[in-house]
Amino acid sequence: MKSRVLLGISAALLVSACSGISTSTDYDPAVNFSAFSTYDWIDSEGQVDNITSSRVHSSVDAAMAAKGFTQSTSNPDLAISYQITSAERRSFNTVNTGWGGGYRGAGWGMSMGTSTTTEQVWNEGSLILGIFDTGTKNLVWTGTATTDIDQSRSPQERQELIDSAVGKMMGDFPPGS
């Protein structure tokens, strides 16, 4: 019983940790995606460290395999590339408080107010996938997943975050499937 409760709590924490991922996708509607069955990677070396690169590759490879695509280095139909970006984000919140006055028999009363503005700063990271038709060399599908960066995540949490981002982003790939 105790292990079920812990499993439930762990699952809830994982879902809440990954729920802050926003995604967007776009594709060329003139492309017949059913004509594609193989893919390979375009060299993205130098983009990020080899650990992160390995995580992205394994996650995308699993998503592509689940959709019936086979990785092939010999004349693939599609080529996949990725980029990871980060940006510092800021938000401001202002709270106004005050005390009012009013009219009494002796005349007008005084009022007083104050405003307090706080700034929140955080880092946001994005994983951008591009899928190209190797025959035409054109971009045929692109997806972006964005979430807050938390440097204290464990290696397992980082892999789960990338898996969740890729899964959410590639949920409707290929288009029309």
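The values are calculated or read from the model by the stated rules, or taken from the named source; none is laboratory data. Everything numeric in this text was worked out from a predicted model, so none of it was measured. Backbone-built Cβ (ideal geometry, glycine too); neighbour counts: all protein chains shown.
Things worth noting here:
- Exactly one residue out of Ser91, Ser86, Ser74 is surrounded by fewer than 13 Cβ atoms within 10 Å (Cβ to Cβ), over 16 Å from the mean Cα position of the chain (by Cα) and touching a residue at least 24 places away in the same chain (Cβ under 8 Å), and it is Ser91.
- Among the residues making up segment 125-140, those that are within 16 Å of Ala35 (Cβ to Cβ) and touching a Leu at 6+ places or on another chain (Cβ under 8 Å) are Ile131, Phe132, Asp133, Thr134, Val140.
- Enumeration of residues in segment 120-138 that are in a strand (DSSP E or B) and out of contact with any Lys or Arg (no Cβ under 8 Å at 6 or more places or on another chain): Gly125, Ser126, Leu127, Ile128, Leu129, Gly130, Ile131, Phe132, Asp133
- Selection within segment 28-65 - farther than 19 Å from Gln156 by Cβ and touching a helix residue (DSSP H, G or I) at 6+ places or on another chain (Cβ under 9 Å): Tyr39, Trp41, Ser44, Glu45, Gln47
- Verdict on Asn50 being surrounded by fewer than 16 Cβ atoms within 10 Å (Cβ to Cβ), more than 21 Å from the chain's Cα centre (by Cα) and not small (Gly, Ala, Ser): no
- Qualifying residues in segment 139-164 (those that are part of a strand (DSSP E or B) and of a type in the set (A, V, I, L, M, F, W, C)) - the one farthest from Ala79 (Cα to Cα): Ala145
- Pairs linking a residue in segment 119-143 that is over 19 Å from Phe69 (Cβ atoms) to a residue that is part of a loop (DSSP other than H, G, I, E, B), with Cβ atoms under 9 Å and 6 or more positions apart or on different chains, are Trp122/Ile149; Asn123/Ile149; Asn123/Asp150; Asn123/Gln151; Glu124/Ile149; Gly125/Ile149.
- From Asp133, Asp172, residue being modelled with pLDDT under 95, touching a strand residue (DSSP E or B) at 6+ places or on another chain (Cβ under 9 Å) and of a type in the set (D, E, K, R): Asp172
- Residue pairs whose Cβ atoms lie under 6 Å apart, separated by 6 or more positions or on different chains, with the first residue in segment 153-175 and under 14 Å from His57 (Cα atoms) and the second of a type outside the set (A, V, I, L, M) and at pLDDT 95 or above, are Ile162/Ser59; Asp163/Ser59; Val166/Ser59.
- A single member of Ile21, Ile42 is among the β-branched types (Val, Ile, Thr), surrounded by fewer than 16 Cβ atoms within 10 Å (Cβ to Cβ) and at pLDDT below 95, and it is Ile42.
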